[in-house]
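Worksheet: the structure to be examined is printed underneath.
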Ligand code: NPQ
Ligand code: MG
């Protein structure tokens, strides 16, 4: 992807915290979420506003980042660097480089880059999908299903999502909630439904034989069974298990992706722009995976319409060859902050048309769910 865009000048950056209740609690191996406390970024130029969404959670349970920390590092380290660069005059393609001296804090960096890219593409009247090199108009939409209170409840929930037409089902697993739920879902809904599992790091290197008990169920993949830093452990597990191993938490950069692939730790990769420090790094991972024959899919972090629209645009690239976690907004929220409906039909999600992310904010509802706002200027 070449940077053929007119740069923009950032006049102001707004950080807005919103609180959106989830329609149903979402339980993973690391915890239960009842609502999303989301940090939105608005980058203002003379003519446009661009929006980004920081995907860090309330607590540092999925990764070390959490929303208060993300906001702190933006305020004290990242935003000052953006304003100090060339009078705030830049391309989105400069952002990662400008922020590179600050280590990690990838979700914070990604949100800023996303907002700059949205502002710049709105100013250039180009959609993010077409700027990135989109090849698809509709993206297959999968759904992530939390750990349930009972097998009966899980069957009802999965049945509902299948009725809605989702292109694949992902079950969250943890020790004690793995073989049996998968067995019952296969028995109830048949061998043909696309099914996969996500452990969010809940297993150990000794669990190869246990995870191999999932082999008869013909799953698409097992996502992130071991801790983030145990790439070699994943390679050991991959040798003992027939189901493809997919990495999520471990893939924090394109370098980490190359390393994991070369070490045989995974044969599929989940891409989240937030986890890897930005869109453009996400595209780089997409590209290194394509060059190595590794399919990718787009993960989800329970985003509002801003982050969800960003994910949809990213998912239009050619090597996104598996359904992602970009479900309908209504799977998570009773009402979203964007005017355009981000809803899948027949398991396909339309790409919002128009410049940038192609969605507009429902200003009244946005104000209603806003918890705090702060604005920074050069
Ligand atoms: C995953 N997402 O793929 C993540 C995990 C996840 C849709 O399964 C707040 C912040 C809540 C981060 C819930 C899905 C979260 C979160 C789930 C991440 O591993
Ligand atoms: Mg995951």
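Quote to one decimal, in nm, the extra length available between residue 292 and residue 151 on full extension: 0.36 nm per residue of separation minus the C-alpha distance between them.
The span from residue 292 to residue 151 would gain 46.9 nm if fully extended.
Provide 377, 243, 232 in ascending order of the number of other Cβ atoms located within 10 Å of each residue's Cβ, fewest first.
377, 232, 243
Quick one: the Cα spread of the chain along its three principal axes, in angstroms, biggest first?
58, 42, 36 Å, listed from the longest principal axis down.
Restricting things to alpha carbons, find the Rg to Rh ratio for region 161-280 using the Kirkwood radius for Rh.
Answer for region 161-280: 0.98.
Can you check what the Kirkwood hydrodynamic radius comes to for region 225-354, Cα pairs only, in Å to one decimal?
15.3 Å
Run the numbers for residue 34 and residue 64: contour at 0.36 nm per residue of separation, minus the present Cα-Cα distance, in nm.
Taking 0.36 nm per residue and subtracting the Cα distance, the gain is 8.8 nm.
What distance in nm separates the simple spin-label points at residue 6 and residue 239, each placed 7 Å from Cα in the Cβ direction?
5.8 nm
Run the numbers for residue 47 and residue 255: contour at 0.36 nm per residue of separation, minus the present Cα-Cα distance, in nm.
Here the segment from residue 47 to residue 255 would lengthen by 71.2 nm.
How would you rank 157, 345, 45, going from fewest to most other Cβ atoms within 10 Å of each one's own Cβ?
345, 157, 45
In Å and whole numbers, how far do the C-alpha atoms of region 1-73 stretch along each principal axis, longest first?
44, 26, 24
Using Cβ counts within 10 Å as a stand-in for footprinting exposure, how do 326, 360 rank, fewest first?
Ranking 326, 360 by Cβ neighbours within 10 Å, fewest first, gives 360, 326.
Treating the angle as unsigned and between 0 and 90°, give the value, to the nearest 10°, between the Cα long axis of helix 151-164 and the longest Cα principal axis of the chain.
With rounding to tens, the tilt is 60 degrees.
Compute the FRET efficiency between residue 126 and residue 218 as 1/(1 + (r/R0)^6), taking r as their Cβ-Cβ distance and R0 = 30 Å, and round to the nearest 0.05.
Working from the Cβ atoms, E equals 0.10.
For region 287-378, which semi-axes, largest first and in whole Å, follow from the square roots of 5 times the eigenvalues of its Cα gyration tensor?
Calculated on Cα positions only, the semi-axes equal 27, 17, 12 Å.
Relative to the longest principal axis of the chain, what angle (0 to 90°, nearest 10) does the C-alpha long axis of helix 279-291 take?
Taking Cα atoms only, the helix is inclined about 40 degrees.
Taking only Cα atoms, what is the 0 to 90° angle, nearest 10, from helix 305-314's long axis to the longest principal axis of the chain?
80 degrees
Calculate the spin-label point distance for residue 24 paired with residue 187, positioning each point 7 Å from the Cα along the beta-carbon direction, and give it in nanometres.
2.1 nm
Compute the Kirkwood hydrodynamic radius of region 37-161, taking the inverse of the mean of 1/r over all pairs of distinct Cα atoms, and give it in Å to one decimal.
One over the average 1/r among Cα pairs gives 16.8 Å for region 37-161.
Calculate the FRET efficiency for residue 210 and residue 77 from the Cβ-Cβ distance with a Förster distance of 45 Å, rounded to the nearest 0.05.
0.60
Any read-out appearing in this document is the output of simple, stated calculations on the displayed coordinates, not a laboratory observation. On a predicted model such as this, the values are computed, not experimentally measured, just so you know. Please note: Cβ atoms are built from the backbone with ideal geometry, for glycine as well, and neighbour counts cover all protein chains shown.
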